[in-house]
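*Asks:* What follows is a structure written as structure tokens; I'll ask about it next.
The values are calculated or read from the model by the stated rules, or taken from the named source; none is laboratory data. None of the values given here were measured: they were computed from a predicted structure. We place every Cβ from the backbone using ideal geometry, glycine too, and count neighbours over all the protein chains shown.
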Amino acid sequence: MGKQVQNIMGEVILVASGKGGVGKTTFTANLGATLALHGARVVLMDLNMGLRNLDIYLGLENEVLFDVADVISGVCSVRKALIRDHRFPELYLLSAAQYKEVIGITPAHMEALFNKLKENFDFILVDGPVGVGENLKLSASGVDRAIVVVTPDYSALRNGDMVDRKLQEMGVASRCHLINMVKPELFGRKVVPDLGEVANMFRTSLAGIVQYDENVNIANNCGYPVVCKRDTYIARNFDVIGKRLFG
Ligand SMILES: Nc1ncnc2c1ncn2[C@@H]1O[C@H](COP(=O)(O)OP(=O)(O)OP(=O)(O)O)[C@@H](O)[C@H]1O
Ligand SMILES: [Mg+2]
């Protein structure tokens with residue numbers, strides 16, 4: 001990676017899942033941090049209105065003054081709502097609204113916001129909602145590609161496949177899947193689906209795998225992306241994913 005990850009025009013990537021708690025927010029934070037560490041200009045956008053977490057995982061929860069809804073309703077500019085994460089060269093958070101009712105946001109609003117951000121950033125990673133409801137439609141409007149996060153569990157795989165099909169119906173042509181919380185020691189014992197079974201269930205390519213590691217959970221609770229610690233296999237997982245996705 002390095003400077004070559006920078007695009008002329010930015011790219012919006014939606015991170016989605018069919019089942020909750022599979023690691024969308026963790027993945028968004030750590031892929032964003034990885035790309036920023038390699039020289040890209042990155043915005044992490046939380047679209048989980050009323051259920052935001054990205055601010056906590058980045059340790060920025062006390063800095064959120066404005067959110068996506070404020071930007072769309074014209075309360076403040078995008079620039080004002082972006083929170084800079086000073087631990088990285090160019091990493092910004094655009095938080096979801098948490099304590100107010102959000103109504104009236106349309107796909108056109110989202111597309112306009114994405115297009116604006118694409119002028120100044122290489123990657124806009126969207127921490128999307130769980131499931132196949134209206135919020136998915138909103139989050140997927142105008143995105144360039146989508147990554148469906150699953151865990152090696154039949155329930156997560158089936159629901160992830162449903163989301164993938166919905167995204168295809170919505171016109172998101174470029175899609176892939178990511179397997180999180182992998183415990184390699186369980187493969188081959190026929191107690192969880194193995195990588196071959198996952199590949200059979202999905203029609204999209206594999207973006208990569210992230211291993212299960214309790215340090216991920218600790219890092220999320222302490223408010224830093226786990227990839228900040230560079231000499232770990234989790235950091236290497238994310239480097240590989242970044243390379244595979246963006247060359
Ligand atoms: N690779 C991993 N290893 C260990 N724990 C993980 C890993 N990835 C995520 N977790 C933990 O799993 C839990 C769920 O992760 P996360 O909040 O990122 O999921 P989510 O898909 O965003 O959830 P939601 O659907 O609620 O938005 C968190 O406690 C997180 O710390
Ligand atoms: Mg989440």
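*Asks:* List every residue pair whose Cβ atoms sit under 9 Å apart, with the two residues 6 or more apart in sequence or on different chains, where the first one lies in the stretch 28-55 and is under 19 Å from Ser139 (Cβ atoms) and among the basic types (Lys, Arg) and the second, anywhere, is within 12 Å of ligand 1 (Cβ to nearest atom) and in a strand (DSSP E or B).
*Replies:* Going by the 9 Å Cβ cut-off, the qualifying pairs are Arg52/Asp46; Arg52/Asp127.
*Asks:* Has the stretch 137-151 got at least one residue that is in contact with a Cys (Cβ under 8 Å, 6 or more places away or on another chain), away from ligand 2 (no atom under 16 Å from the Cβ), under 30 Å from Gly10 (Cβ atoms) and in a strand (DSSP E or B)?
*Replies:* Within the stretch 137-151, one or more residues are in contact with a Cys (Cβ under 8 Å, 6 or more places away or on another chain), away from ligand 2 (no atom under 16 Å from the Cβ), under 30 Å from Gly10 (Cβ atoms) and in a strand (DSSP E or B).
*Asks:* Restricting to the stretch 52-71, count the residues that are touching a Pro at 6+ places or on another chain (Cβ under 8 Å) and either part of a loop (DSSP other than H, G, I, E, B) or among the acidic types (Asp, Glu) (or both).
*Replies:* Of the residues in the stretch 52-71, 1 are touching a Pro at 6+ places or on another chain (Cβ under 8 Å) and either part of a loop (DSSP other than H, G, I, E, B) or among the acidic types (Asp, Glu) (or both).
*Asks:* Which ones in the stretch 205-246 are buried (at least 20 other Cβ atoms within 10 Å of the Cβ), of a type in the set (S, T, N, Q) and more than 8 Å from ligand 1 (Cβ to nearest atom)?
*Replies:* Asn237
*Asks:* Restrict the check to the stretch 50-57 and report whether at least one residue is under 12 Å from the mean Cα position of the chain (by Cα), within 16 Å of ligand 1 (Cβ to nearest atom) and under 30 Å from Ile209 (Cα atoms).
*Replies:* Yes - at least one qualifying residue is present in the stretch 50-57.
*Asks:* Can you find a residue that is among the aliphatic types (A, V, I, L, M), within 16 Å of ligand 1 (Cβ to nearest atom), within 15 Å of the chain's Cα centre (by Cα) and more than 14 Å from Val126 (Cβ to Cβ) anywhere in the stretch 25-39?
*Replies:* Yes; the residues of the stretch 25-39 include at least one that is among the aliphatic types (A, V, I, L, M), within 16 Å of ligand 1 (Cβ to nearest atom), within 15 Å of the chain's Cα centre (by Cα) and more than 14 Å from Val126 (Cβ to Cβ).
*Asks:* Within the stretch 110-132, how many residues are in a loop (DSSP other than H, G, I, E, B) and within 15 Å of ligand 2 (Cβ to nearest atom)?
*Replies:* Total satisfying the criteria: 1.
*Asks:* Is it fair to say Ala108 is under 20 Å from Gly142 (Cβ atoms), of a type in the set (Gly, Ala, Ser), out of contact with any Leu (no Cβ under 7 Å at 6 or more places or on another chain) and in contact (Cβ under 8 Å) with a residue 40 or more places away in the chain?
*Replies:* No: the conditions fail for Ala108.
*Asks:* From the list Val12, Val75, Val43, which one is more than 19 Å from Ala235 (Cα to Cα), more than 11 Å from ligand 2 (Cβ to nearest atom) and surrounded by fewer than 22 Cβ atoms within 10 Å (Cβ to Cβ)?
*Replies:* Val75
*Asks:* Tell me whether the stretch 171-187 contains one or more residues that are among the small types (Gly, Ala, Ser), at pLDDT 95 or above, within 11 Å of ligand 1 (Cβ to nearest atom) and over 19 Å from Leu54 (Cβ atoms).
*Replies:* Checked against the condition, which is being among the small types (Gly, Ala, Ser), at pLDDT 95 or above, within 11 Å of ligand 1 (Cβ to nearest atom) and over 19 Å from Leu54 (Cβ atoms), the stretch 171-187 yields no hits at all.
*Asks:* So which residues in the stretch 89-105 are farther than 14 Å from Leu65 by Cβ, at pLDDT 95 or above and either hydroxyl-bearing (Ser, Thr, Tyr) or in a loop (DSSP other than H, G, I, E, B) (or both)?
*Replies:* If the condition is that a residue be farther than 14 Å from Leu65 by Cβ, at pLDDT 95 or above and either hydroxyl-bearing (Ser, Thr, Tyr) or in a loop (DSSP other than H, G, I, E, B) (or both), then Glu90 is the only one that fits.
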